[in-house]
Amino acid sequence: MLQRLDSYHCNLIGLGILIVLEIAIGSLVQNSYYLTVINLCMIFGIASVGLTVLMGYAGLISLGQSAFFGIGAYVSANLATNLNVEPVLALMIGAMAAGVIGWLIARPLLRLSDLYFAMASLAFGIIAYILFGQMRGITGGLDPGFSSAPFSVLGWRLGDTRSMYWVCATSLAIVALFVLNLVHSRFGRALKALGSSEIAADGLGISVVAYKAMALAISAGITGVAGGLFAFFLRSFNSSAFGFNLSIELLVMVIVGSVRSVWGALLGATLVTVLPSLLDRFEDYKLFAYGVAMVIIVMIMPEGLFQAMIEASQKLISRRKPT
Amino acid sequence: MILSVEALTKNFAGLVAVNALSIQVRRNSITALIGPNGAGKTTALNLITGVLRPTAGRVLLKGADITGRSPHSIASNGMTRTYQNLQMFEGMTVLETVMVGAHRVGRSTWLAALLRAPSVVAEEKDLRNRAMAALDRAGVPASYSGRVAAELPYGWQRRVEIARAIASGVDMLLLDEPAAGLNNQESETMAQLICELREGGTTVLLVEHDMNLVMGISDQVIVMNFGQLLSQGTPDQVQNDPAVVEAYLGKGAEAADAVA
Ligand SMILES: Nc1ncnc2c1ncn2[C@@H]1O[C@H](COP(=O)(O)OP(=O)(O)OP(=O)(O)O)[C@@H](O)[C@H]1O
Ligand SMILES: [Mg+2]
């Protein structure tokens, strides 16, 4: 029997390809500007994979992911910088903090319909942004911002761009594996089911609210990992990084890539991160050109870029081998 | 009695969709709930399964009061259903769809799933086997298991929905118009399937307009009209009840023929 492309085993092959690509890029790319862009692609890639769990599976739209990204960044950077916590541990605690807060806000927010949930998450993101700016004792606010200790493992400093490449690449591979495990499990199927028919899922014993809350918590936790990596990579940042723009960018990454696929999210994150620098020569028209490009992609590929590429290559293969 | 419904009532802003309805369902039987369009049959199923909260009345499942409880909590007491408007899970294969049915049999947590612990791998295998067994019971060929459920012909989707319900391992099954949209031959195999469910120890309460099917397989027939109980008894008793004939006559000669 033909293995379906979205089966667990096919996705593990995809993960293998990702790891090979990561190793190839890490060994071949020398230019530190390129490495910086690639690191950001991976960091936002992790965050958009987190949003995919929520949007592509549970069918919930969050416009407040910037809050979880920021919580991950501030919690892990503070722990590592001010309390000398081992950065790897700080990163995990930051993710957990974002996850727990996601779970806590899910309870009241999920009483709302899906549309109002999206709006309430937007409000949550904005409130978090204001708090990041105001709680200067912890965050440094907009000015002077935050200066983080470098990333390190067991005292081994990994603060430079090249080392951070490997840290981000490893984190991305682990997150991708975890998410693939999750979506190809009883838990993931339950999410997919309730994202499509809440009534039928409920009738089969799936507690819709509990599962949605868990989806938000997991999504927040993964986004928190991305935030922590962001803090350790940039080392010096201020609260302006965690505004509404970030939430929208993550949303665009996921939609452009294809909402229900880890690989689509990574593709979308890469495109949205790289495209603005490619459009640099247009200067004044940059934002406009960017907007137009996004609209065109969404219009001609409603299922997302990744899905469109899969379908195009399938067509190409079946044309070559007419049976 | 596996299921008793006592004076169940539902008001929709002035409209009494279900009015003091009482039903008794014996374990291991097939009960049909019939009535003209808009009689309140689907609403009654929604009240029994917790999709809607009743305005008044009680629902007892195996002696436990389940009135007003959520569908997922009622499912854990051993009752689930299918839907008049198919509720397929978008993009899922037949096998995955039916594995969702087996959800409540599983125990693994999200954390174990994240790490794909050995217990999770074993559970996946168990759920897969259960799903395949349910597909087999529902008469869906194993070769369909990899196809996208929502892309199958209508009749097969109805069976996949039944397989999904069977996989949950419940002993009380509510079917809302299982033969709607099926041709004569498909209706006959559906009737056979429902009889097999009863023989396998499942109690069935079904809503159906296909009178051949209803009268052929039911142990008990309940007739509703305007939200109220109109008649109940064996298929013979109900078919000879003047009140039933009259209710259906109002709907045209064809329906009357179907009953008579
Ligand atoms: N959610 C709702 N809000 C308001 N009115 C409703 C609602 N659901 C059903 N009704 C009304 O209640 C009455 C009973 O509807 P119901 O769907 O239970 O009928 P039915 O017996 O299942 O009919 P059919 O054979 O056509 O499926 C109808 O008049 C319908 O319009
Ligand atoms: Mg109905």
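Worth pointing out:
- Those residues of region B:38-60 which are assigned to a loop (DSSP other than H, G, I, E, B), within 16 Å of ligand 2 (Cβ to nearest atom) and within 14 Å of chain A (Cβ to nearest Cβ), in sequence order: B:T49, B:V51, B:L52
- For region B:138-153, a residue qualifies if it is more than 16 Å from the chain's Cα centre (by Cα), closer than 23 Å to B:M79 by Cβ and more than 11 Å from chain A (Cβ to nearest Cβ), and the qualifying residues are B:G139, B:V140.
- A residue that is within 15 Å of ligand 1 (Cβ to nearest atom), out of contact with any helix residue (DSSP H, G or I) (no Cβ under 6 Å at 6 or more places or on another chain) and within 12 Å of chain A (Cβ to nearest Cβ) occurs nowhere in region B:61-70.
- Taking region A:164-201 as the range and being outside any helix (DSSP H, G or I) and at the interface with another protein chain (Cβ under 7 Å from one of its Cβ atoms) as the test, the residues that pass are A:S185, A:S197.
- Residue satisfying all of: in region B:11-37; in contact (Cβ under 8 Å) with a residue 40 or more places away in the chain and among the small types (G, A, S); nearest to ligand 1 (Cβ to nearest atom) among these: B:A17
- Residues that are open to solvent by 60 Å² or more (accessible area, probe 1.4 Å) and more than 7 Å from chain A (Cβ to nearest Cβ), drawn from region B:88-114: B:R107, B:T109, B:L111
- Answer residue from region A:301-312, given it is at pLDDT 80 or above and surrounded by fewer than 16 Cβ atoms within 10 Å (Cβ to Cβ) and is nearest to the chain's Cα centre (by Cα) among those: A:M309
- The C-beta contact set for region A:202-219 (first residue within 9 Å of chain B (Cβ to nearest Cβ), second residue acidic (D, E), distance under 7 angstrom, 6+ apart or interchain) comprises A:V208/A:E198; A:V208/A:D202.
- Only one of the listed residues (A:G133, A:G137) is open to solvent by 80 Å² or more (accessible area, probe 1.4 Å) and in a helix (DSSP H, G or I). That residue is A:G137.
- Near pairs, Cβ below 6 angstrom, 6+ apart or cross-chain, from region B:183-207 (under 12 Å from B:A32 (Cα atoms)) to any residue that is within 16 Å of ligand 1 (Cβ to nearest atom) and not in a helix (DSSP H, G or I): B:L205/B:T31; B:L205/B:L174; B:L206/B:A32; B:L206/B:L175; B:V207/B:L33; B:V207/B:D176; B:V207/B:E177
- Any pair with Cβ under 8 angstrom, 6 or more apart, that starts in region A:69-88 at a residue that is buried (at least 24 other Cβ atoms within 10 Å of the Cβ) and ends at one that is of a type in the set (S, T, N, Q) and not in a helix (DSSP H, G or I): A:A77/A:S148; A:A80/A:S148; A:P87/A:S152
- Restricting attention to region B:202-214, the residues that are open to solvent by less than 30 Å² (accessible area, probe 1.4 Å) and either within 16 Å of ligand 2 (Cβ to nearest atom) or over 17 Å from B:G139 (Cβ atoms) (or both) add up to 8.
The values are calculated or read from the model by the stated rules, or taken from the named source; none is laboratory data. None of these values were measured; they are calculated from a predicted model. Note: ideal-geometry Cβ built from the backbone for every residue, glycine included; neighbour counts use all protein chains shown. Side chains included, ligands, DNA and RNA excluded: accessible areas come from the protein's heavy atoms. Shrake-Rupley method; radii C 1.70, N 1.55, O 1.52, S 1.80 Å.
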